[in-house]
1. Only one of 87, 61 is surrounded by 18 or more Cβ atoms within 10 Å (Cβ to Cβ), closer than 17 Å to residue 19 by Cβ and out of contact with any Leu (no Cβ under 8 Å at 6 or more places or on another chain); which?
2. In segment 99-141, which residue that is of a type in the set (Ser, Thr, Tyr) and in contact (Cβ under 8 Å) with a residue 40 or more places away in the chain is nearest to residue 214 (Cα to Cα)?
3. Given the structure, is residue 63 under 25 Å from residue 162 (Cα atoms), in contact (Cβ under 8 Å) with a residue 40 or more places away in the chain and touching a Ser or Thr at 6+ places or on another chain (Cβ under 7 Å)?
4. Evaluate the following for residue 1: is it in a loop (DSSP other than H, G, I, E, B) and touching a Phe, Trp or Tyr at 6+ places or on another chain (Cβ under 7 Å)?
5. Scan segment 114-133 and tell me whether some residue there is assigned to a strand (DSSP E or B) and either among the acidic types (Asp, Glu) or buried (at least 20 other Cβ atoms within 10 Å of the Cβ) (or both).
6. Pick from segment 142-161 the residues that are touching a residue at least 60 places away in the same chain (Cβ under 8 Å) and touching a helix residue (DSSP H, G or I) at 6+ places or on another chain (Cβ under 6 Å): which of them is nearest to residue 111 (Cα to Cα)?
7. Please go through segment 104-113 and pick out each residue that is assigned to a helix (DSSP H, G or I) and closer than 18 Å to residue 231 by Cβ.
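Each value in this text was obtained by applying a stated rule to the coordinates, not by laboratory testing. Nothing here was measured: the structure is a model prediction, and the numbers come from that model. Using ideal geometry, Cβ is built from the backbone for each residue, glycine included, and neighbour counts are taken over all protein chains shown.
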Amino acid sequence: MDRSADVAFCLVRPPGHHALKDRAGGFCVFNNIGIAARYAMREYGLSRILIIDFDIHHGNGLNDLFHREKEVLYFSTHDPMLYPYTGDWEDVGGGEGEGYTVNIPLTREVTDGEFIHLYEQIVGPVTEAYRPQLILLAAGFDAHKEDPIGRSRLTEEAFSILTYLIMDWRSDVGDPPILFILEGGYSPRALSASVKAVIQSLLKPCAASKEVAGETQLSVDMILRARAIHHGYGVW
């Protein structure tokens, strides 16, 4: 937050987004991102922190920690048929935080292009409307097609392009500090390739291509459903 480094990628193990206040779970002991967000709020007085979670498992720990708080907007794409089986469309937060939780359950057929289209049409507007003071990425790579647990179809190219887009949206809202924190990923080759792709996009953002023809009926349906659910909250 002292601006000595605006962008960082933390190679953290164990992961953290499943850890709850009172117990560990899902290979997670401490909620690394939750702790970082809470620290930023208490020590620096931040009131708008955006958490983007693209791990294929829903970050139930993050979801629950900030469920009733508008100071943190939590966005997650995940497979609802995998542990912890949470993160329904209608789980939008509660109390003052109602509308500040955005859950997008994915089907296992989602392609790189559909994934990117989804993020372009939802996370782009979310970032613009919320204007975060800090962006935290729950960087899980178990949605990769080679992951033995994830069962999805993405490639490292999706994570590369997503990184490029996030950095682009960040520049539109004043370049707040951004922190990528490693979450899941259980294929050594796919994990290393995905992390490399993200870091390359951070170092040379112009090298990543945004030209991905991803608009399909599936991606459009998911985008429209998310908009319909969140329309009344006026958050994005």
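1. 87
2. In this case the residue turns out to be 111.
3. Taking the combined requirement at face value, the residue satisfies it.
4. yes
5. No, segment 114-133 contains no residue that is assigned to a strand (DSSP E or B) and either among the acidic types (Asp, Glu) or buried (at least 20 other Cβ atoms within 10 Å of the Cβ) (or both).
6. 159
7. Of everything in segment 104-113, nothing turns out to be assigned to a helix (DSSP H, G or I) and closer than 18 Å to residue 231 by Cβ.
Rundown of residues vs (1) touching a strand residue (DSSP E or B) at 6+ places or on another chain (Cβ under 6 Å); (2) small (Gly, Ala, Ser); (3) outside any loop (DSSP other than H, G, I, E, B), yes/no style:
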site	(1), (2), (3)
64	no, no, yes
80	yes, no, no
87	yes, yes, no
92	yes, no, no
102	yes, no, yes
